[in-house]
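*Asks:* This structure is in structure tokens; I'll ask about it shortly.
The values are calculated or read from the model by the stated rules, or taken from the named source; none is laboratory data. Just so it is clear, the model here is predicted, and its values are computed rather than measured. Here the Cβ is made from the backbone with ideal geometry for all residues, glycine too, and neighbour counts use every protein chain on show.
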Amino acid sequence: MQVRALVALLALTMAITLGVSLTHDAQPQPAVAASAQPVGTSADAASRERDGGGAEAAETADLATDEPDSASTESARGGKVYEQRAVDCRKRKCVALTFDDGPGLDTPRLLKVLARTKTRATFFLVGQMVKARPGSARQIVRRGHEVGVHTMGHPDLTRLSDAWVRWQLQQTKRLITRTTGVRPTLSRPPYGATGRRVLRIQGELGLSEVLWDVDTSDWKIRDARYVTRTGVQRAGRNSVILMHDIRPTTVDAVASMIRGLRRRGFTLVTVSELIGNPVPGRTYFDWRTPKRRVTKAGHTRTSVGAGDGRKRRRSAH
Ligand code: NI
């Protein structure tokens, strides 16, 4: 009897220890912590402030623009938040076109195509390019497109120290805010190279990580017809298509890609419109996830991914 009680006690202790360690493993990810909180609550705002928001507020205080909505948690930070249209991607078949690495020489031409076809897209801007072409960056925003962070100099963030990862992201975020008047909330790590550590730092800076599920390979195959076909054929409901507006062949491809996607019944939206309200520190549209699940909120849940130090499969951009 005593032995049996002892065994039972031992089993109970092990179960508790195991339970604690499992819970512990699941906790440290900022994505989990962030998604547990409703967006826009005071607790959320407080946590954002705590996560280094103070320094940023000081830096961008002089940039503060008119923000009539005092309820906005970000209003003190300068810059406006991207204005989403009311598109319900739970009811419609949505697709988001995304353009990385610009603004480039061909970006104005792309903007004309998008204007002519009444299409909104999302641009992940490189800081050095914004410095070189601030007018194009402003034009992107003025025409209703969304802008996100794609670092200052396009490094592989998984190879940098925490301090440098933070610098790359924060500098770009500030530069975009200063140049365009809109504060980005989205970020795409170059090459899609990320991990738990890079994701955590993005979250601390109020950024949601946006990857993709359709790679047009436009950086590699400089053929407009190929790019068009890949985008149109591979897109599924709520897909995010990866392209680069620094490639002339990509810009050549966009008009017919838009036509093809609309013919398939897709509504073209920006990334924030597709996600709903992106949660900082969470990753969206991970191409490695075999099956994406659209939640009630219209969010596409994806796994957080590889642990610290382990790099994801390296892709183009
Ligand atoms: Ni890139």
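*Asks:* Of everything in the range 220-245, what is crowded, with 20+ Cβ neighbours inside 10 Å, of a type in the set (Gly, Ala, Ser) and in a loop (DSSP other than H, G, I, E, B)? Give them in sequence order.
*Replies:* Hit for the range 220-245 is Ala235, nothing else.
*Asks:* Considering only residues that are charged (D, E, K, R) and over 20 Å from the mean Cα position of the chain (by Cα), which ones fall in the range 121-141?
*Replies:* Across the range 121-141, the qualifying residues are Lys131, Arg133.
*Asks:* Residue check: is Phe266 at pLDDT 95 or above and of a type in the set (Phe, Trp, Tyr)?
*Replies:* So Phe266 passes the test.
*Asks:* With (1) within 16 Å of the ligand (Cβ to nearest atom); (2) closer than 18 Å to Glu146 by Cβ; (3) in contact with a helix residue (DSSP H, G or I) (Cβ under 7 Å, 6 or more places away or on another chain) as the list, and Arg188 as the residue in question, which single condition is left unmet?
*Replies:* Only one criterion in (1) within 16 Å of the ligand (Cβ to nearest atom); (2) closer than 18 Å to Glu146 by Cβ; (3) in contact with a helix residue (DSSP H, G or I) (Cβ under 7 Å, 6 or more places away or on another chain) is unmet by Arg188, namely (3).
*Asks:* So, one more: Out of everything in the range 143-164 that is of a type in the set (A, V, I, L, M) and touching a Pro at 6+ places or on another chain (Cβ under 9 Å), what residue ends up being surrounded by the most Cβ atoms within 10 Å (Cβ to Cβ)?
*Replies:* Among residues in the range 143-164 that are of a type in the set (A, V, I, L, M) and touching a Pro at 6+ places or on another chain (Cβ under 9 Å), the one surrounded by the most Cβ atoms within 10 Å (Cβ to Cβ) is Val149.
*Asks:* In the range 193-219, what residues are surrounded by fewer than 22 Cβ atoms within 10 Å (Cβ to Cβ), within 16 Å of the ligand (Cβ to nearest atom) and within 14 Å of the chain's Cα centre (by Cα)?
*Replies:* Ala193 - this is the single residue of the range 193-219 that is surrounded by fewer than 22 Cβ atoms within 10 Å (Cβ to Cβ), within 16 Å of the ligand (Cβ to nearest atom) and within 14 Å of the chain's Cα centre (by Cα).
*Asks:* Looking only at the range 255-275, which residues are under 13 Å from Lys93 (Cβ atoms) and among the hydrophobic types (A, V, I, L, M, F, W, C)?
*Replies:* Once the filter is applied, which keeps residues that are under 13 Å from Lys93 (Cβ atoms) and among the hydrophobic types (A, V, I, L, M, F, W, C), the range 255-275 yields Leu261, Phe266, Leu268, Val269, Leu274.
*Asks:* Sticking with this one: Inside the range 196-219, can you point out the residues that are in a loop (DSSP other than H, G, I, E, B), touching a helix residue (DSSP H, G or I) at 6+ places or on another chain (Cβ under 7 Å), under 16 Å from Val254 (Cβ atoms) and not small (Gly, Ala, Ser)?
*Replies:* Thr216, Asp218
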